[in-house]
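Reviewing the structure listed below.
Taken together, the values in this text are just the output of simple stated rules run on the coordinates, not laboratory data. Keep in mind it's a predicted model, so treat the numbers as computed, not measured. FYI the Cβ positions are ideal-geometry reconstructions off the backbone, even for glycines, and counts take in every protein chain you see.
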């Protein structure tokens, strides 16, 4: 079977280049299909072969850098991919809304999708519904394991619960590697605790935050992941604005433009974070930034919570994520999955794993 | 598409009846296939329809009890299933060697398999190889998620690592719910520790052990699970006799016939277990019964180990399992999955999830 694997890439050095390396491995080891990379793009450049001969995966990024042209329109891309011989998989490594909104179009044209992009699944409920409908009606596939917890089996496990008829009652966890790192230092189980603003600054310097740390501190990344999980268990959450999301950006600093100025002013508000930590310590607890979904009340919540020192969330280390699923079958004790929830290679693994799942279904 | 789902059952009240309930849910909710239960059997009875009309899943067990006949031969069953219209899935809920040995025959006749049976994958390496070859050559599927960790995504996660090109370096964990329960009480993190023999007796009374607790204490259940995982990462382990497996049955009691007599005599050997615990406590550690695979040296090991009190294995509670995967991509910190590793409903969930995976591939 001839299988073309067109791919959108976010650029050199990120998740995209790791995906390319893993695709090269797949292409060499896949017995059920001939994998071809026919289309590759970054934000301002695209490279593709008009006759669907494959690009050399190992050198595709360099070729894109040197020979890429302005990217064509979405409708051109959809048309191009839908005419490919054999089945097609679109690997969307972007976080772009414009591509997210085109998912129903891609799926309706017979293009399968593997992606870490959270936007298609955490944007408007209508878009999510359109994506599900388009996938179902054409029996095409859209997988997005890496949209929550990177390469960890979070989405697939939740799908297994739902599809085998278990009742998920509660999902709780630390869904952000950045928040995990910050709070594990700010409110540690043992040893000296760090000053909040200094820890944020350090995390940025170490590359553990987004280029602008406020994109982590506003809680939206965690909120998006909760929306994705909630919809899988049947809660029709409209958007990330439909439930309480605690932002760690002080109200007074809401209108500051530059990230550096924000970081300079943040120490003025350390006393607020200290006060919260003091309450936790008085109760022999630690502070963590967590997200939870209570399925029976359909309530989602993102923000700081206090946890007993023996709670699995309190015991988390480094920048790891932890997600616990409480279900009827598992009774009083949840099933817990923890590990790195960010990073190029592990995020790429979730995507490559999705490509494998699609291959298993179409070959 | 017409899909027949013949099923071997181990009997009322066990995993089998949970599988039946979950299959009934699947049959009602599956849009891609018409699921039919055409064959059901327990050790001394079988019931099937000559013309492949489905049995009523909700009442199949009662019908088997009252109308079941002596089971036919394996070759008759393989022939019967292979002639079914549409695709066929065999759900083997037994722990039987005789059925395990017939897997290559079933697969070569186009019958897909979902099973918690450890024997086919932890028996002789030749049998395992024959099963893989038969599945690959016919493009039929054999899934056995529940053979390790019941419904937890252990096998599927490990397969993802291997198939996407990650290098698994070490697998470690507590693979037995019974051993977890025993050691969490015998060598607890906090509070009063229990006497070993009394704890074994209590666990048996609570139904946490096999009918004969020695079937847990000999370590073979853990060893079988390690063999299954090791072969997936490419280590050609010949059998459970190929590596050190520590048995907790004192040599002096090896020849006792009755389980009750064994339990009566076990207290004489409590001092040995106490001595081991004393060494652990002196080093501020706890004792756990764990299994590990060191992939680079191809060394497997099953037995008591001492763990720092902050180690995830030491922090495990109740009768939970925990499995940690160290891989090249995940670097210094493993991905960890923990939760109930035994029980009818959660074991059945792994099997039903496997049925779903097969359906996705054949419909």
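To the nearest whole number, what is the average tally of beta carbon atoms from other chains within 10 Å of the beta carbons of peptide A:140-151?
For peptide A:140-151, the averaged partner shielding equals 1.
Nearest 10 degrees, 0 to 90: what angle lies between the long axis of helix A:270-282 and the longest principal axis of chain A (Cα atoms)?
Long axis of A:270-282 versus the principal axis of chain A: about 70 degrees.
Evaluate the relative contact order of the stretch A:155-340 (contact order divided by residue number), counting alpha-carbon pairs under 8 angstrom at least 6 apart; express in whole percent.
35
So if we plug the beta-carbon distance of residue B:167 and residue A:252 into 1/(1 + (r/R0)^6) with R0 = 35 Å, what FRET efficiency do we get, rounded to 0.05?
The calculated FRET efficiency here is 0.10.
Within 10 Å of each Cβ of B:153-166, how many other protein chain Cβ atoms are there on average?
Going residue by residue through B:153-166 and averaging, the value is 6.
So the label point sits 7 Å from Cα along the Cα-to-Cβ vector; using that for residue B:236, what distances do you get to the other copies, in nanometres, sorted shortest first?
5.8
Just to be sure I understand the model, the point goes 7 Å from the Cα along the line to the Cβ. What's the resulting residue A:66 to residue A:268 distance in nm?
About 5.3 nm separates the two model spin labels.
Over chain A, with a Gaussian network built from C-alpha contacts below 10 Å, which listed residue (A:177, A:138, A:350) shows the highest mean-square fluctuation?
Result for chain A, Cα springs under 10 Å: A:138 fluctuates most.
Cα axis of helix B:177-186 to longest principal axis of chain B: angle in degrees, 0 to 90, nearest 10?
20
Which of B:180, B:193, B:324 ends up with the largest GNM mean-square fluctuation for chain B, with Cα atoms connected below 10 Å?
Checking each option, the largest mean-square fluctuation is seen for B:193.
List the relative contact order of the stretch A:223-307 as a percent without decimals, with contacts defined as Cα pairs under 8 Å and 6+ residues apart.
It comes to 35 percent, rounded to a whole number.
Which of the three applies to the protein assembly as shown, rounded, prolate or oblate, going by the alpha-carbon gyration tensor with a ≥ b ≥ c and a/c under 1.5 meaning rounded?
It is oblate, given that a/c is not under 1.5 and a/b is not larger than b/c.
Per residue of A:350-362, how many C-beta atoms from partner chains lie within 10 Å of its own C-beta, taken as a mean?
Per residue, the average neighbour count from other chains is 3.
Using a 10 Å cut-off on Cβ atoms, rank the peptides B:261-269, B:30-38 from the highest mean neighbour count down.
Per-residue Cβ counts within 10 Å, averaged per peptide and sorted highest first, yield B:30-38, B:261-269.
Taking 8 Å as the Cα distance limit and 6 or more residues as the minimum spacing, I'd like the relative contact order of chain A as a percentage.
Once normalised by length, the contact order is 21 percent.
What's the exposure ranking of B:119, B:45, going from fewest to most Cβ atoms within 10 Å?
B:45, B:119
Decide, for the stretch B:248-363, between rounded, prolate and oblate: order the square roots of the alpha carbon gyration tensor eigenvalues as a ≥ b ≥ c, take rounded if a/c falls under 1.5, and otherwise choose prolate if a/b is larger than b/c, else oblate.
Cα axes put the stretch B:248-363 in the oblate bin.
GNM on chain B, C-alpha springs below 10 Å: top fluctuator among B:178, B:240, B:332?
B:332
Beyond 23 Å, what share of the Cα-Cα pairs of the stretch B:155-340 is found? Please give it as a whole percent.
Counting every Cα pair in the stretch B:155-340, those more than 23 Å apart make up 43 percent.
Going by alpha carbons, how many degrees (0 to 90, nearest 10) lie between the helix axis of B:125-138 and the longest principal axis of chain B?
Tilt relative to chain B: about 40 degrees.
Can you give the calculated 222 nm mean residue ellipticity of chain A, where each DSSP H run of n ≥ 4 adds -39,500 (n - 2.57) and the sum is split over every residue, rounded to the nearest 500 deg cm²/dmol?
About -11500 deg cm²/dmol.
Once you order the gyration tensor axes a ≥ b ≥ c over the Cα atoms, which shape class does chain A get: rounded for a/c under 1.5, otherwise prolate or oblate by comparing a/b with b/c?
prolate
Given label points at 7 Å from Cα along Cα→Cβ, what nm distances, shortest first, separate residue B:189 from the same residue in every other copy?
Those label-point separations list as 0.6 nm.
Which three lengths, in whole Å and largest first, does the stretch B:276-333 cover when its Cα atoms are put on their principal axes?
Principal-axis extents of the stretch B:276-333 (Cα, largest first): 36, 22, 21 Å.
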